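Working notes, beginning with the structure itself.
The values are calculated or read from the model by the stated rules, or taken from the named source; none is laboratory data. Just so you know, these numbers come straight off a predicted model, no measurement behind them. Reconstructed Cβ throughout: ideal geometry from the backbone, glycine too, with neighbour counts over all protein chains shown. Only protein heavy atoms, including side chains, enter the accessible area calculation; ligands, DNA and RNA are left aside. Shrake-Rupley method; radii C 1.70, N 1.55, O 1.52, S 1.80 Å.
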Amino acid sequence: MLLEAPNGNRDIRLDIKTNVLSSSVETGTVGPVLKRNDEPISSISSSTPASLDEADPRRPLVVGGQGNYLRVADGRDILDACGGAAVACIGHGVKEVSDAIISQAAVVSYVPWGFFDSQSRRDLSKWLSHSSGGHFTKAYITSSGSEATEGAIKLAREYFVWKGEPQRINYIAREESYHGITLGSLSLGGHVTRRGPFESLLLPNIYRIPACNPYRQKLPGESDDEFIGRKANELEQAFLRAGPNTVAAFVAEPVVGAASGCIPSVRGYFRAMKTVCDKYGALLVLDEVMCGMGRTGTLHAWEQEGVVPDIQAIGKGLAGGYQPVSAILASKRIVQAMEEKGATFTHGHTYQDHPMACAAALRVQQIIERDNLLANVRAQGQYLEKLLRNKLQSHPNVGDIRGRGLFWGIEFVRDKDTKEPFDPRLQIARRIHETALNPPHNMAIYFGQGCAGGGRGDHVMIMPAYNATQGVIETIVDKSAAVINDFFSKLEKEDVDAGLN
């Protein structure tokens, strides 16, 4: 197995006898480490019975992780090219973060947020406010992206209660979007498959508009300004359908993640959307759970959009998977209304503001800042884009390559000229993911379906750690090209005969 050495020499091979990986946060390099008592350094036994009821053969048992690699029970080292769902932003096994968690546990592991506070919570909140230039003055630390988005919906509603506008109960969101799996956040999202079993339970007060997808929506000869004007009119029409003074917020992802595969907006789009929101007195809520906290090259994705949201949801890259952490960020506008009313946000979770979660998140962010990893995200992101286009743009089944920073999606099509998607019954993206995960490729990439609308359209996503080196990026692209070529060359004949392709 080829791994990059500290001097950039990609020809140095892993010692087969040792075959355990380590990483450096500063360099992103991967190399062999020693065993203790001739056993791999892992607290998880690889002899766990595979016959347990919960064992799923589609989910290999992970027994260790270092840097850009995960070790599975059968001895393979899996190149983690997606960080799960864009979570593992500084890679696996970073001791500094583990030490911060242990240190916090030694002080206090849990306090009930309703009547106690912790220093780690205070430090993280201060850091988050500073990261926005003081725009956000309050942070509610939660445990998942769904919780953060759910809380953002409620905070937007309660803001208008404080302001004496209780009629504002409606929200505008976009098709081909995903905002979480709880009933409220699922109601906002347009992810057809994930909504399906629960449609009868979802909120009726969501008005939906098309997302900003230039690959599939831009008209022939249409300029960016004309396209943005059309998008702004779609939002305005949604306000008019709902009743302009009944809308609490417009909710959107700056770069759409799982639902569409890393689709950035056209430059100027969010400024136009914010103008419409301001016209009708509604809030702008940005869901940066997947695309935020550095994933697109700036700490907050909105820094590249020319707007600042009233409320923001963050997660995933906030603590890099070392603890389950997310947050609801409230702007001065929101906090001022709350304080003027002498109110508090009617919201809370048992593990809100968890001290160990806050300690982990702060240390991850400090590492990103100290090691100048956002600059690396931008540089390696440009390199990743270049290599992907060089290797895959001409493939007959690659329709679009899009993204920003280290957040890139590849959309697959049946016909490159017409952009016709594959029949969803073929499960193209899932099968490409499985091809990548299995030998000889041994790489994890994220997959999704629905980017073409109505549950149709297949995409995969590449989202490596922020400290990925040029060598790691090259390996990811080489493997991705091999996986895609391998898969489409072997597309089963019976699928063709059945007319499913």
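What is region 378-501's relative contact order, in percent, from Cα pairs under 8 angstrom and six or more apart in sequence?
26 percent
Once both labels are modelled 7 Å past Cα along the beta-carbon direction, what's the S489-T346 spacing in nm?
So the label points at S489 and T346 sit 6.2 nm apart.
Find the relative contact order for the chain and round it to a whole percent, using C-alpha pairs within less than 8 Å whose residues are 6+ positions apart.
19 percent
Put Y207, Y110 in order of accessible area, largest first, 1.4 Å probe: what do you get?
Y110, Y207
Multiply the residue separation of Y215 and S200 by 0.36 nm, subtract the distance between their alpha-carbon atoms, and state the gained length in nm to one decimal.
2.2 nm
How long is the gain from K419 to F115 if the chain were fully straight, where each residue apart is worth 0.36 nm and the alpha carbon distance is subtracted?
In short, 103.8 nm is gained.
Excluding ligands, DNA and RNA, what is the solvent-accessible area per residue of the chain at a probe of 1.4 Å, expressed in Å²? Intermediate results must be reported in sequence, preceding the final value.
Working: 21360 Å² over 501 residues.
So the chain comes to 43 Å² accessible per residue, rounded to a whole number.
Along the charge dipole of the chain, which of L124, P396, Q380 sits closest to the positive end, that is, farthest toward it, with unit charges on the beta carbon of Lys, Arg, Asp and Glu (+1, +1, -1, -1)?
L124
What share of the DSSP beta bridges in the chain is antiparallel, in percent to the nearest 5?
70 percent
Give a residue-ordered list of calculated ³J(HN,Hα) values for region 234-247 (Karplus: 6.51 cos²θ - 1.76 cosθ + 1.60, θ = phi - 60°; whole Hz; x for Gly, Pro).
4, 5, 4, 5, 5, 4, 5, 5, 6, x, x, 8, 10, 8
Would you mind working out the magnitude of the charge dipole of the chain relative to its Cα centre, with +1 at each Lys and Arg C-beta and -1 at each Asp and Glu C-beta, to the nearest 20 Debye?
600 debye
For the full complex of protein chains and a 1.4 angstrom probe, list E234, E288 by accessible area with the highest value first. Don't skip to the end; give the middle numbers.
On the way: E234 40, E288 0 Å².
Final ranking, largest accessible area leading: E234, E288.
Between R456 and W127, what's the calculated FRET efficiency when r is the beta-carbon distance and R0 is 60 Å? Round to 0.05.
0.90
As a quick test, which of the pairs K231/K419; K231/K279; K316/K419; K95/K316; K163/K332; K163/K279 have an alpha carbon distance above 25 angstrom in this structure? Write out the running numbers ahead of the final one.
Working: K231/K419 21 Å; K231/K279 15 Å; K316/K419 32 Å; K95/K316 19 Å; K163/K332 14 Å; K163/K279 17 Å.
Checking Cα-Cα distances, K316/K419 exceed 25 Å.
For region 200-229 and region 297-334, write down the distance between their C-alpha centroids in whole Å.
With region 200-229 and region 297-334 each reduced to a Cα centre, they are spaced 23 Å.
When the helix-only estimate is applied to the chain (DSSP H runs of n ≥ 4, each -39,500 (n - 2.57), divided by the residue count), what is the mean residue ellipticity at 222 nm, nearest 500 deg cm²/dmol?
-10500 deg cm²/dmol
Applying the Karplus parametrisation 6.51 cos²θ - 1.76 cosθ + 1.60 with θ = phi - 60° to the phi angles of region 91-101, what ³J(HN,Hα) value in whole Hz is obtained for each residue in order, glycine and proline being reported as x?
Along region 91-101, the couplings run x, 9, x, 7, 5, 3, 6, 4, 5, 5, 5 Hz.
Report the antiparallel proportion of the DSSP beta bridges in region 247-384 as a percent, rounded to a multiple of 5.
Numbers: 6 of 14 bridges.
Around 45 percent antiparallel, to the nearest 5.
So how far apart, in nm, are the two label points at Q393 and E339 if each is 7 Å from Cα heading toward Cβ?
Label-label distance for Q393 and E339, simple model: 5.1 nm.
At what distance in nm do the modelled label points of Q237 and N372 sit from each other, each positioned 7 Å from its Cα along Cα→Cβ?
For the pair Q237/N372, the computed spacing is 4.9 nm.
For every other residue with a beta carbon closer than 11 angstrom to the beta carbon of R174, add +1 if it is Lys or Arg and -1 if Asp or Glu, then tell me the sum.
Taking every Cβ under 11 Å from that of R174, the sum is -3.
Residue by residue through region 135-146, which ³J(HN,Hα) values in whole Hz follow from phi under the Karplus form 6.51 cos²θ - 1.76 cosθ + 1.60 (θ = phi - 60°), with glycine and proline marked x?
Result, rounded to whole Hz: 5, 8, 10, 8, 10, 9, 8, 10, 10, 8, x, 4.
Roughly to the nearest percent, how much of the accessible area of the chain is carbon and sulfur, given a 1.4 Å probe?
Ligands and nucleic acids excluded, carbon and sulfur give 52 percent.
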